[in-house]
Amino acid sequence: MKKVICVMCFLTSVFMLSAQEGVKTLVHELKDMKSEKVLVVAHRGDWRNAPENSLQAFKNCIEMGVDMIEIDLKKTKDNQLIIMHDGTIDRTTDGKGKPSDYTLEEIRKFHLKNGLGRPTFHTIPTLEEVLTLAKGKILINIDKGYDYFKDVYALLVKTGTVSQVVIKSGYSYEKVKAENGEVLDKVIYMPIVNLDTPEAESLIDGYAALKPVAVECCFSEVTPDVIRLLKKVKENGSKIWLNSLWPSLNAGHDDDRAVELDEADESWGWLLEQGASLIQTDRPAALLNYLGAEGRR
């Protein structure tokens, strides 16, 4: 019996070390400007096959080999960080109201809905649970969560996941530095820039000194300025993150065009031509297959 236990402990240790090496490789790929690998980011997890922002949706991503999951945060009445995109729990659960209307214990009584709007047995996870699940396995991108920057950092330290989490916002470098300067240099931070706006270039220039690993770029149409600014992001030493979620984020080069119209080259292929090193998608399995066929995995 003791031999069996020893073998199990050994195998567990090997698995944990292997997982940690896997994340180290992903972090290296994320930071390596010369890497040709395109990282796949699953928007709210694998929400087509599990409730969005659920632990199961994130487990699915880990199993299919996704590089990063995107999550959103809200706070409960008792200041616990949970995974929730909307300002209320109405759309995604069988409950109603704001997350801040409930304590964590109370909000645990509600159940997440599936794609048909039917309640499941899945409950709303906490950020700490997701960090624990993802530790050593997959990168995490915190999208709607800037308001909790310091609280997030404390949890990253507690769970030992600082190196594998990207925090982002659409604010200027000056604002982020003023509000979170004491932890900004301790995390992986990424700005979001809408290239359609007049202030887009000044936002990009403002982050040039920080040289973030990537800049998330959104645009509703292709213009000479959009193409120029995409090139400028790379010239400043950052990778380009593009979204294939819906047409207004990528001038019509989106997931549905790739899958439902069978025009992957005109959607994902086009994003690659613009220099995308990270693509956020609602079709992670299909995008992984496409990138593999293109030799970008």
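How would Trp268, Trp47 rank on accessible area, largest to smallest, probe 1.4 Å? Numbers along the way, then the final one.
On the way: Trp268 5, Trp47 80 Å².
The residues order as Trp47, Trp268, largest area first.
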What are the aspartates and glutamates whose alpha-carbon lies under 13 Å from the alpha-carbon of Lys34, with same-chain residues fewer than 8 places away excluded? Glu235
With Cα coordinates, the longest principal axis of the chain makes an angle with the long axis of helix 55-64, in degrees rounded to 10, of 60 degrees
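As a check on your grasp of the helix formula, calculate [θ] at 222 nm for the chain: sum -39500 (n - 2.57) over DSSP H runs of n ≥ 4, divide by the residue count, round to the nearest 500.
Details: 11 runs with 119 residues, N = 297.
My calculation for the chain gives -12000 deg cm²/dmol from helical runs alone.
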Run the 1.4 Å probe and let me know the accessible area of Glu128, rounded to the nearest 10 Å². 70 Å²
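Using only C-alpha atoms and all pairs of different ones, pull out the Kirkwood radius for segment 97-144 in Å with one decimal.
Values: mean 1/r = 0.0789 Å⁻¹.
This gives a value of 12.7 Å.
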Find the relative contact order for the chain and round it to a whole percent, using C-alpha pairs within less than 8 Å whose residues are 6+ positions apart. 17 percent
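Determine the per residue accessible area of segment 207-297 with all protein chains present and a 1.4 angstrom probe, expressed in square angstrom. Don't skip to the answer; put the middle values down first.
Working: 3770 Å² over 91 residues.
Ligands and nucleic acids excluded, the result is 41 Å² per residue.
Where nothing but the Cβ of Lys and Arg (+1) and of Asp and Glu (-1) is charged, how large is the charge dipole of segment 91-217 around its Cα centre, in debye to the nearest 20? Walk me through the numbers on the way to the answer.
Working: 17 positive and 18 negative charges, 130 e Å.
For this selection, approximately 620 debye.
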So how long is each side of segment 182-236 along the principal axes, counting just the alpha-carbon atoms, biggest first, in Å? 37, 19, 15
If one takes the longest principal axis of the Cα atoms in the chain, at what angle in degrees, from 0 to 90 and to the nearest 10, does the Cα axis of helix 284-293 lie? 60 degrees
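How big is the Kirkwood radius of segment 92-239, worked out from every pair of different alpha carbons and given in Å to one decimal? Please report the intermediate quantities before stating the final value.
Numbers: mean 1/r = 0.0570 Å⁻¹.
Taking every pair of different Cα atoms in segment 92-239, averaging 1/r and inverting gives 17.6 Å.
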With Cα springs under 10 Å, the Gaussian network model of the chain assigns the largest mean-square fluctuation among Gln280, Gln164, Gln80 to Gln80
Among Tyr102, Ile192, Leu230 - extreme Cα towards positive end, dipole of the chain, charges at beta-carbon: Tyr102
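With both partners inside the chain, how many of the DSSP beta bridges are antiparallel, as a percent to the nearest 5? Write out the running numbers ahead of the final one.
Numbers: 6 of 36 bridges.
About 15 percent, rounded to the nearest 5.
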Highest-MSF residue in the chain out of Met190, Met68, Met33 [GNM, Cα springs under 10 Å]: Met33
Principal axis box of segment 160-297, alpha-carbon based, largest edge first, Å: 47, 39, 22
Please state, rounded to one decimal and in Å, the Kirkwood hydrodynamic radius that segment 231-272 gives when every pair of distinct Cα atoms enters the mean of 1/r. 10.7 Å
Distance between the C-alpha centers of segment 72-136 and segment 139-163? Whole Å please. 17 Å
Residue with peak Gaussian network fluctuation, the chain [Cα springs, cutoff 10 Å], from Pro191, Pro51, Pro119: Pro119
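What's the magnitude of the charge dipole for segment 169-249 around its Cα centre, counting Lys and Arg as +1 and Asp and Glu as -1 at the beta-carbon? Answer in Debye, nearest 20.
Working: 9 positive and 12 negative charges, 68 e Å.
It works out to roughly 320 debye.
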Dipole magnitude of the chain, debye to nearest 20 (Cβ charges: Lys/Arg +1, Asp/Glu -1, about Cα centre): 1320 debye
Per q in 0.07, 0.10 Å⁻¹, report the Debye log10 I(q)/I(0) for the chain, using one uniform scatterer on each alpha carbon and no solvent. -0.27, -0.56
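The values are calculated or read from the model by the stated rules, or taken from the named source; none is laboratory data. Everything numeric in this text was worked out from a predicted model, so none of it was measured. Backbone-built Cβ (ideal geometry, glycine too); neighbour counts: all protein chains shown. SASA here: full protein model, heavy atoms, side chains in, ligands and nucleic acids out. Shrake-Rupley method; radii C 1.70, N 1.55, O 1.52, S 1.80 Å.
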